[in-house]
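Remarks on the structure that follows.
Just so it is clear, none of the values below were taken in a lab; they were calculated from the coordinates. Bear in mind that the values here come from a model prediction, so they are computed numbers and not experimental data. Note that we place each Cβ from the backbone using ideal geometry, even for glycine, and neighbour counts take in every protein chain shown.
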Amino acid sequence: MDLTSTLITGAGSWNPLAWILGIVVAAIIAWLIYSVGEKGYKPGTAQTEPFISGNPEPEKGMVHVRSGNLYWGYLEALKGYYARLVPLHTGDLHDYVLWYLGITALFLVLVVISA
Amino acid sequence: MIDMVIHTLVIAGLIASALMVFYFRDLLAAALAAGFFSFLISLEFYILQAPDVAISQAAIGAGLTTAIFIIAIRATTRYEGGQP
Amino acid sequence: MRMSKIVRTGANLLYPFILIFGLYVIMHGHLTPGGGFQGGAVVATAAALVIVAYSYDEVAGMLKKTAMKARESIGLLLFIGAGIAALVVGAPFFYNFLANSGLLFGMPVIPGPNPGDLNTAGVIPIMNIAVGIEVWGGLAIILLYMLSGIRKEES
Amino acid sequence: MIDPWYIAVCILVILVCLALIRLFLGPTAADRAVAVDTVNTLSVAALVLLGVAYQQIIFIDVAIVYALLSFVSTLYIAKYLGGEL
Amino acid sequence: MKKILTAIIFLVLVAGLCAIPAFLAFGEPAGSDMDQYFIAHGQSEAAANNIVTSIVFDYRGFDTLGESVVLFTAVVGVGLMFRSMKGGNEE
Amino acid sequence: MIPFLLTFILALLLYLLLTAGSGSMLLWSPSELVAGIALSLLAAAVARNFLCRSGSFRMANPLRLLLIPLYLLGPFLLEVTKANLDVAYRVITGNIRPGIIRVQSGLKTDLGIFMLANSITLTPGTITVDIDEKSHDLYVHNINIPDGWEGRSGVEDRELFSIANLPAWIRRIAE
Amino acid sequence: MFWNLPLIAVVALTIIALATIVFKKNLIKVFLGIVILESAVNLFLISLGYREGGIAPIYTNAPSSAMVLPTPQALTLTSIVIGVATSALLLSFAIIIWKKYGSIDIEMIRRLKE
Amino acid sequence: MIADILILACLVIGLFFNTLGIVGLLRFPDVYTRMHATTKMTTFGSMFTALSVIIYGAALFLSSGDGQYVTLSVHALIAAVSLAFTNAVGSHAIARGAHKAGIKPSPAIVDRLEEYTP
Amino acid sequence: MIPQFIVENSPALMVIVPLVAAFITPFIGRISSGIRSIWVGGAMAVTSAITLILAFDVYSAGTRLYVFGARAASAAIPPDSGGIPIRIIFEVDPMSALMLVITAISGFAIILYSLSSERSHTGLESYYTLFLLMITGILGMVSTGDIFNFFVFLEILSLASAGLIAYRIDGGVAVEAALKYFVLSTIGALAILVAIGIYYGEYNALNMAMIASRMQFSLLDQVALVLIIAALAMKCGAVPMHFWTPDAYSMAPSSITALLVVASQASLYGLFRIVFSLYSVTLNAVMVGWLIIILGVLSMVVGVTMAIPQKNVKRLMAYHAVSQTGYMLLGVGVGLAVLGNQPLLDAFGYLAMEGGIFHIINHAMYKGLLFLTAGAIFLRVGTYNLNKMGGLGHSMKWTMVFFIIGALAIAGIPPFNGFASKLMIYESVFMFNPVLAVIAMVVSILTLASFVKVFHSIFMGPKLPEFADVKEAPLAMLLGMGILALVVVLFGLFPGIVVENLITPAAHALVDQGAYISTVLGGA
């Protein structure tokens, strides 16, 4: 059982030891960054309150970006694609069965013709 | 020769009762037609020299399946697409 | 609701006879057409007869769901146990270790056409009985469950 | 000469197919139930005769199963029709 | 559109299924060596007169176990559907 | 205990009938007998409360049981034949006069009313449609009501049968 | 071709059953279609094993030369029991759906979309 | 020889009644009258066909002495008896169900059951 | 060390143990729920142990035969039968063993998880019974060598899964999902049965090796092939037939969803087994290979694009499951397309197949892990709706860690296992057809994008007031997730060992039809 065995694919290689080394290095860097942070931070004091130009802090729920708003641009760009794709998912059992039978028929034609 | 006549008759009955299952809007009648179908297919198994299968189709297909279908019709609705 | 008195009396009279006929079909599975499933279905139909003749509340007192469940599990355990017994003997799972052994159901059968003897076929009759018990419980409890579904809807 | 058993079975099967007409026409479900019940009876007769025609004595068991069990589904239908299920 | 596609699908399926009666002869099985083994040895090996039973419970007994398990599964599933929902907080 | 024994004996009888002819010397082989007794015990244990639900063991008398085949082969068969010829005539001619009438039976036991109802169903152009659970009166659909019956509120049961007095037989068997 | 009658019947029954499944909107009707489909497949298996002039594979009073093939019968037994198990489960689903949705029309049972 | 004639006679009688039963099923006007035709006549006819089988088995048993023919006869007998038994109960159940479902006997002289309320 | 008896009979025991446990479970539940938990957990542990023993034995000693009901377990052919196997045979080759390993690990982790997650629901004894039956179905499906037996186990699996999908019957929506799944799978199973009938009618055999040795690829064989391919592709959720997948996956309890992933992998295994072992070179491999590739590409693209706009976590993950199935189909399809061409097969065919097969095991692990985390979140939060969640990272730290592991693995970020298998697929597919490889990479990027979205909307953000008192998931659930996460990380760190010892034998076993046949028929 060679723990250092390398996965050799056609174009690259993968050595677990190198990866572990990389992870350790990344962890050390992260720790370094963490350690140069502000030393006088005390949780629970006014220090941790957000300061928004003297305005009152908004509700927690308002600050959070909800998932429906993420990727709005992506969805808008591919509107035409989704307008075709989503209506296929009708939730109708008949359509499910018909798709299945249709694929069977299509495969039947293709396989029999090609053979 | 004559057993082919029996064959033909039974198979004609099979297809006719299957078409009835397709046709009836009254689900109870459709379940009855399915029971009829089970009887005929059991007879066909019998003619094809498979008595074991014929017994099992008679007991399960004709007896119990019809019963649970009728219970299900009772628990749901009798007519396809509302009252006629 | 229960059905009329005539049907109820008929069901009462017929119940033991369908039962014994089902047991006959189970027992003679290796000699005549039939076997565990067929006989079990016949016996379950006897239960269905009682279920249809009486109202659900009365049936719940006569045919206990727990007993049916127990029957089903015991049948399956007996069936798989007959297979495991072969493992104990030292052969693979489901080896018919009783056939031609001279023990219970172990008589050899004479080749060729003959009506056969009940005391043959090794573990096959045991498995027949096991499957019969299992199918009995299983099909009866399916009917009971579905009827209980109707009742619950009404209450 | 054709075996008389076969001819009898043939006639019975024709009768079964005729009962199919009532199953199709029957204005009420009760008519259809009667048709199915009739077919049960005829099937039992046909099965018994076929068993003899095939010279297979053990086949008669199938007929007994039919005779005993077909009646249960009839009872379910009747109970449903009567609104008692 | 959908109707035409459905019709085409059904036509193709009919054509495909018609290969079965066209190439398999009824009444004269193509090969029967496995079944001849059962018919010839069923009586002596399984000691049962009914060859079907000896296949169901001896030669293919494991299938039968699976099949009983299917029935058991169905019963448990039906019981799950009609269970009483008292006690326990459901979603 | 009595229900158990009764069920056991009847089940064993049916089992022996089913396996008649299995033995070479006797009519039954020994293993069949053993299996029959075992299975009948099982069936009796399961079904003892069904066959004898009414709690009266009047039918346990073997003489009464012997009367049943006699009844079936004698008067009953005659009535059945006659009824069938009658209905055959009506099928061919289409000459019918149907209606539902009430029949007073006066039978008290379940088995008696059961036998009477089935005899009525199978015999003289009549079908039992319903039963009054308390007074055990039957509602009978008659394919050809004789003149004058449509006004009567109740008909005596023996008036239905023309050849043999089936209700009397049934009383003798089941009451 | 005429002698292939059962196999032709199998094709016809399969198509009828598939049509019932695809075109009927009532769930119970669809289940009846599935039952017919199962029966058609069983008939297919049994007719595969039939041998012209053969007798049932039971050594009671029969010459052993021409028996029909026993294996398809064993398979069909399994398939029948699987069929009844399937129908029971499907019907219990239908009952629950009726209780919760008040309808067993397939066009109504489509809360799960997209 | 005499057995053959008996068997044929029974078969013919049985088939005759069965045919009439189906004719009645197709011809009569309402459920109850149809039930008359089917219940009585098909039961009677089927019992006669079964009787022919019983006679056949008995004749063969008497000539060959093989126990299997006893089985044949007895099983046919059991089939016939259970047929009669179940048919009677079953047709009563259908008639009752039909009446409860509100199907009136359409050409009826009198309907006493209308007046009955349990 | 391990008794010889267990090693010899392990193929039977791994089916017997869960079955017996399942039969007794309804009655154990009457005694007390604690004993039931121990019973079920113990049974699953024993099953996993036996399965792993068998898999280890297969990897070390070669393909195992187990003949049910014969006088000796390895006597596939009776002496006087003229060279035909007549009994049911379990044939466990390295490919089956791989699936066994997957099932054992996932099953054990999931039962640990569900002991705690389902505690407060009714009908638990049925739940565990069906769970064990499902495990049995998967184990039987992947190890059987008899085609009718395959059908029977497929039906066990379908019924058990349908019952479990409908487990939460309250709203009725779960029942709707189960109904759709079950109708489709019944029709599919009947199609498979027709195909079995065709094989039987043509070759009078039910053993896969026997059918393979007699295979002629006539018109009827083509019909049978199409029926089986379409049915099994539907059961594993390839795209035009994937509609049931999001319904069923999103409505089932989370633990069951994780097991359903394994079940769909078992269907995939069946597909590969039929195509490679039953038909192999007689097949028109290029055409069928391309069909599978097209199915795979469609699955990848449609699955991932449908996943991005979803609002329900589990539905989103279900579409990802469809998309990941596409990778496996793509990898193995490429292998199939070059099957008849030995130089190309050596050049990249084996690599593609190894990638596809490696992806099977990886997918089962990380997708199971993701579904389990979704279930843990649901247990504490009570909703699957992404729009309503947020800021859970403050209170569910361990769950968050496991989610990150799973998400990075599914997106193919190095050092997790998804990267290794995807890399193999990319490289080999690039040599076959560059366009396909580019599509695969784009799909991978989209996967990452959608999981960033999920991660952000569940765990990031300020601690929301409505989730102020949310606690960490219970220990048993964390343990179940931990096992899977550990496997994900280990497979990611040491993929070379895994590929060398598990995947390569499996791929070679799949391709080498001759060995599969001769194991049963004895070098014929």
Do the alpha carbons of any pairs in C:5/F:108; G:99/H:100; I:367/I:397; I:235/I:314 sit beyond 21 Å of each other, and which pairs? G:99/H:100
Using per-residue counts of other Cβ atoms within 10 Å, averaged over each peptide, order C:74-86, I:165-177 from highest down. I:165-177, C:74-86
Extension gain (nm, one decimal) between residue I:30 and residue I:119, 0.36 nm per residue minus Cα-Cα: 30.5 nm
Taking r as the C-beta separation of residue C:67 and residue I:518 and R0 as 56 Å, the FRET efficiency to the nearest 0.05 is 0.60
Given the protein assembly as shown, what percent of its DSSP beta bridges are antiparallel, to the nearest 5? 75
Go ahead and run the numbers for FRET between residue H:1 and residue B:1, Cβ-Cβ distance against an R0 of 30 Å, rounding to 0.05. 0.65
Could you sort the peptides G:10-21, F:39-50 by per-residue average Cβ neighbour count (10 Å cutoff), highest mean leading? G:10-21, F:39-50
Label-point separation, residue F:64 to residue A:32 (7 Å along Cα→Cβ), nm: 10.6
Diagonalise the Cα gyration tensor of chain I and give the resulting equivalent ellipsoid semi-axes, square root of 5 times each eigenvalue, largest first, whole Å. 36, 27, 20
How would you order G:102-108, A:82-88 from highest to lowest mean count of nearby Cβ atoms within 10 Å? G:102-108, A:82-88
Principal axis extents for chain F, Cα atoms only, whole Å, descending order, please. 61, 37, 24
Value of relative contact order over segment C:22-155, rounded to a whole percent, pairs C-alpha under 8 Å and six or more apart: 35
With +1 assigned to the C-beta of every Lys and Arg and -1 to the C-beta of every Asp and Glu, and no other charges, what is the dipole magnitude of the protein assembly as shown about the Cα centre in debye, to the nearest 20? 3200
Enumerate the residues in segment I:430-444 having an amide nitrogen under 16 Å from the point lying 7 Å beyond the Cα of residue I:344 toward its Cβ. I:430-437
Estimate the FRET efficiency between residue A:81 and residue C:89 by the formula 1/(1 + (r/R0)^6), using the beta-carbon distance for r and 56 Å for R0, to the nearest 0.05. 0.30
Considering every residue in I:127-137, what mean count of other chain Cβ atoms within 10 Å of its Cβ is obtained? 3
Once you average over the residues of I:383-393, how many Cβ atoms of partner chains fall within 10 Å of each Cβ? 3
Which one of H:13, H:103, H:55 has the biggest mean-square fluctuation once chain H is modelled by GNM with Cα springs under 10 Å? H:103
Apply the Karplus curve 6.51 cos²θ - 1.76 cosθ + 1.60, θ = phi - 60°, to the phi angles in segment I:30-39 and return the couplings in whole Hz, x for Gly and Pro. 6, 6, 6, 6, x, 5, 4, 4, 4, 4
Which value at 222 nm does chain G reach when only helices count, each DSSP H run of 4 or more adding -39,500 (n - 2.57), with the total divided by all residues and rounded to the nearest 500 deg cm²/dmol? -22500 deg cm²/dmol
Of all C-alpha pairs within the protein assembly as shown, those more than 55 angstrom apart amount in percent to 26
Please tell me the relative contact order of chain G in percent, rounded to the nearest whole number, where contacts are Cα pairs under 8 Å and at least six residues apart. 26
Report ³J(HN,Hα) in whole Hz for each residue of segment F:165-175, in order, from the Karplus equation J = 6.51 cos²θ - 1.76 cosθ + 1.60 where θ = phi - 60°; Gly and Pro get x. 8, 4, x, 5, 4, 5, 4, 5, 6, 9, 8
Give me a comma-separated list of calculated 3J(HN,Hα) values for segment I:274-291, in order, Karplus coefficients 6.51, -1.76, 1.60 applied at θ = phi - 60°, integers in Hz, x for any Gly or Pro. 5, 5, 7, 7, 8, 9, 6, 6, 5, 6, 7, 5, 5, 5, 5, x, 5, 4
Note to self: Kirkwood Rh of segment C:41-134, Cα pairs, one decimal, Å, is 15.5
At 7 Å along the Cα-to-beta-carbon direction for both residue G:108 and residue I:452, put a label point, then send me their distance in nm to one decimal. 4.6
What dipole magnitude, in Debye to the nearest 20, does chain C give about its Cα centre under +1 on Lys/Arg Cβ and -1 on Asp/Glu Cβ? 360
Charge dipole of segment I:38-186 built from unit charges on the beta carbon (Lys, Arg +1; Asp, Glu -1), centred at mean Cα; most positive-end Cα among I:158, I:88, I:113 is I:113
Positive-pole candidate from B:22, B:2, B:36, dipole of chain B, charges at beta carbon: B:22
With +1 assigned to the C-beta of every Lys and Arg and -1 to the C-beta of every Asp and Glu, and no other charges, what is the dipole magnitude of chain B about the Cα centre in debye, to the nearest 20? 320
Percent antiparallel among DSSP beta bridges with both residues in chain F, to the nearest 5? 75
Percent of all Cα-Cα pairs per 5 Å bin for segment H:2-102, counting from 0 up to the last occupied bin, reads 3, 14, 18, 18, 16, 11, 8, 6, 4, 2, 1, 0
Taking each residue of I:434-444 in turn, how many C-beta atoms of other protein chains fall within 10 Å of its C-beta, and what is the average? 0
The set of residues whose placed amide H lies less than 5 Å from the amide H of residue F:129, leaving out same-chain residues fewer than 5 positions away, is F:139, F:140, F:141
Give me the one-decimal Kirkwood hydrodynamic radius in Å for chain B, with the sum taken over alpha-carbon pairs. 13.6
Do you know the relative contact order of chain I, to the nearest whole percent, from alpha carbon pairs under 8 angstrom that are 6+ apart? 16
